[in-house]
Amino acid sequence: MADDETDVLEFSLGEGRYCIDIAHVDEIVDADEEVTSIPNSEAHVVGVVDLRGETTTVVDPRVHLDESGEPDGTRIVVLSDHDATGLLVDDVHEVEAVAEADLDESAASETTRGVIRRDDRFVVWVEPDALV
């Protein structure tokens with residue numbers, strides 16, 4: 001991998017494709033455990049699950065990304081730099097290297113670093129800190 005490339009994990013939320021720097025990912029698990037909702041929690045908090053004996057907060061990134069749809073994803077992307085927190089996503093696709101030159105930062109916002117053009121689609125690079 002060249003010095004100006006970063007490995008990112010691509011995932012989907014509804015029709016949208018997103019990615020995060022793989023350095024922020026601890027693990028990916030199936031969302032087959034029942035999520036226990038937390039009364040009076042913030043809008044982006046779906047609830048908590050027990051992952052190998054650890055209580056993990058599950059958040060819906062759709063809320064901060066203005067993506068429509070229900071938080072009924074099939075995978076949880078557990079973040080490495082947020083204590084026991086995971087993103088509920090519809091599907092996880094692949095890990096790919098992205099060159100800094102391929103990132104269009106003109107589309108950056110509070111929640112995103114920018115947009116990457118893939119053959120026939122755009123992938124939005126999100127900042128995990130802004131989603132939790």
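The values are calculated or read from the model by the stated rules, or taken from the named source; none is laboratory data. None of the values given here were measured: they were computed from a predicted structure. With ideal geometry, Cβ positions are generated from the backbone for all residues, glycine too; neighbour counts draw on all protein chains shown.
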Check: What about T56, is it under 15 Å from V29 (Cα atoms) and in contact with a Leu (Cβ under 6 Å, 6 or more places away or on another chain)?
Finding: no
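Going residue by residue through the range 78-88, is there one that turns out to be farther than 20 Å from V48 by Cα, touching a residue at least 40 places away in the same chain (Cβ under 8 Å) and in contact with a strand residue (DSSP E or B) (Cβ under 7 Å, 6 or more places away or on another chain)?
Start the filter on the range 78-88 by keeping residues that are farther than 20 Å from V48 by Cα, which leaves none.
No; the residues of the range 78-88 include none that is farther than 20 Å from V48 by Cα, touching a residue at least 40 places away in the same chain (Cβ under 8 Å) and in contact with a strand residue (DSSP E or B) (Cβ under 7 Å, 6 or more places away or on another chain).
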Log entry, pairs with first residue in the range 104-126 being closer than 15 Å to I20 by Cβ and in contact (Cβ under 8 Å) with a residue 40 or more places away in the chain, second being exposed (fewer than 15 other Cβ atoms within 10 Å of the Cβ) and basic (K, R), beta carbons closer than 9 Å, six or more apart or on different chains, reads V123/R117
Flagged in the range 77-103 as farther than 18 Å from L13 by Cβ and of a type in the set (G, A, S), in numbering order, are S80, A84, A97, A99, A101
For the range 33-52, pairs from a residue that is hydroxyl-bearing (S, T, Y) to a residue that is surrounded by 12 or more Cβ atoms within 10 Å (Cβ to Cβ), with Cβ under 6 Å and 6 or more apart or across chains, are T36/G47; T36/V48; S37/G47
Among residues of the range 65-82 being of a type in the set (D, E, K, R) and modelled with pLDDT under 90, the residue farthest from A43 (Cα to Cα) is D81
Filter the range 27-41 for residues that are charged (D, E, K, R) and loosely packed, with under 11 Cβ neighbours inside 10 Å; the one that is farthest from F11 (Cα to Cα) is E34
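Table: residues versus (1) within 10 Å of the chain's Cα centre (by Cα); (2) under 16 Å from A84 (Cα atoms); (3) among the polar types (S, T, N, Q); (4) modelled with pLDDT of 95 or more.
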{"residue": "A2", "(1), (2), (3), (4)": "no, no, no, no"}
{"residue": "L13", "(1), (2), (3), (4)": "yes, no, no, no"}
{"residue": "G16", "(1), (2), (3), (4)": "no, no, no, no"}
{"residue": "A31", "(1), (2), (3), (4)": "no, yes, no, no"}
{"residue": "I38", "(1), (2), (3), (4)": "no, yes, no, no"}
{"residue": "V63", "(1), (2), (3), (4)": "no, no, no, no"}
Going through the range 13-26 in order, the residues found to be surrounded by fewer than 17 Cβ atoms within 10 Å (Cβ to Cβ) and either within 11 Å of V126 (Cα to Cα) or touching a residue at least 60 places away in the same chain (Cβ under 8 Å) (or both) are G14, D21, I22
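Out of all the residues in the range 79-98, which are more than 13 Å from I20 (Cα to Cα), surrounded by 13 or more Cβ atoms within 10 Å (Cβ to Cβ) and not hydroxyl-bearing (S, T, Y)?
H82, A84, L88, D90
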